Amino acid sequence: MTDSAALPRHVAVIMDGNGRWAQQRRRPRAFGHKAGQEAAEALIRTARERGVRHLTLFAFSSENWQRPPEEVQQLFRLLALALERQVGQLLENDIRLRFIGDLSRLSPALRKAMADAEAQTAHCEGMYLNIAVSYGGRWDIAEAARRLALEVERGELPAHAITPETFRRYLALGDTPDPDLFIRTGGESRVSNFLLWNLAYSELYFSDCLWPDFDAQQFDAALAWYAKRQRRFGTVPVPVDGSSASA
Ligand code: IPE
Ligand code: IPE
Ligand code: MG
């Protein structure tokens, strides 16, 4: 068990390994994505139970558009079905849903379903759930720069006012504290263009577990690992009694 001080406020997850999980079972990749969807729904419930405030899940990257069109279609069909099913659950658990990413590439029908789900849960505050769809960290930073440049162009913001603190507010998660804990399943140790700006000081946890197998026990193992990290943010460790270590 972890005490609340050692509980990450924001957990960001790359849910990877659906295809390999299906392959191990000699089933089509879509079978893995369906199981992965169920694992995501279970994680949302577990994170809420553990008291995580912000949960960000990488569901579809800007690079995933390069997959075969049938797989892309299947992924979006699954997302649409999950939305229909899940909104009641989110409301019951007081979870606010938001999508981040370049949604202009999605079908108008899906975009409408996403916006409706966001609106229905807009009053919830038990946990903030961000789903990254058609999302890329570089897209996010470029988009922030574009919006900033527009304000400068219009004379609303002097260029010298652009600092890391003002810049971050233009990012998709500009109102959310940076992830404390980053989890990637599926055995790869890479960030794959997820929250590039926001992960600057996150604790990075890589698991060999394939995403559909990532259950509450696996999540608790990640939380326990996080609780043992000493976060220094470039400074020197603060002694527990608060006294100064300098002579
Ligand atoms: C993650 O699983 C789901 C998405 C990227 C949409 P993958 O589909 O990447 O599964 P692997 O990595 O091929 O096993
Ligand atoms: C990252 O997984 C994206 C998501 C989980 C949505 P990928 O499977 O697309 O990443 P790579 O190809 O291994 O870098
Ligand atoms: Mg993958």
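The values are calculated or read from the model by the stated rules, or taken from the named source; none is laboratory data. What you see is a predicted model; the values in this text were computed from it and never measured. No Cβ is skipped: glycine too gets one built from the backbone with ideal geometry, and neighbour counts run over all protein chains shown. Please note that ligands, DNA and RNA were not included when accessible areas were found on the heavy atoms of the full protein model with its side chains. Shrake-Rupley method; radii C 1.70, N 1.55, O 1.52, S 1.80 Å.
Miscellaneous remarks
- Rolling a 1.4 Å probe over the heavy atoms of the protein chains gives the range 138-241 an accessible area of 58 Å² per residue.
- Whole-percent pair-distance distribution, where bins are 10 Å wide, for the alpha carbons of the chain: 7, 28, 35, 20, 8, 2, 0
- Label-point gap, in nm, between Ala6 and Ala42 - each point 7 angstrom along Cα→Cβ: 2.5
- For the range 10-227, carbon and sulfur atoms together expose 50% of the accessible surface, with a 1.4 angstrom probe and every protein chain in place.
- Across the range 91-207, the convex hull enclosing all Cα atoms gives 145 Å³ per residue.
- Placing +1 on the Cβ of every Lys and Arg and -1 on the Cβ of every Asp and Glu, with nothing else charged, gives the range 112-247 a dipole about its Cα centre of roughly 420 debye.
- Listed residues Ala117, Ser107, Leu97: farthest to the positive end of the dipole of the range 65-138 (Cβ charges): Ser107
- Each label was represented as a point 7 Å from its Cα along the Cα-to-Cβ direction; for Lys228 and Arg190 these points are 2.9 nm apart.
- Förster radius 41 Å - calculated FRET efficiency between Asp208 and Glu125 (Cβ-Cβ, nearest 0.05): 0.70
- Think of the chain as having a plus end and a minus end, set by charges on the Cβ of Lys, Arg, Asp and Glu; of Gly32, Val152, Ile141, Gly32 sits farthest toward the positive end of this dipole.
- Secondary-structure-derived ellipticity at 222 nm for the chain, considering helices only, amounts to -13000 deg cm²/dmol, per-run term -39500 (n - 2.57) for DSSP H runs with n ≥ 4.
- Dipole magnitude of the range 10-227, debye to nearest 20 (Cβ charges: Lys/Arg +1, Asp/Glu -1, about Cα centre): 640
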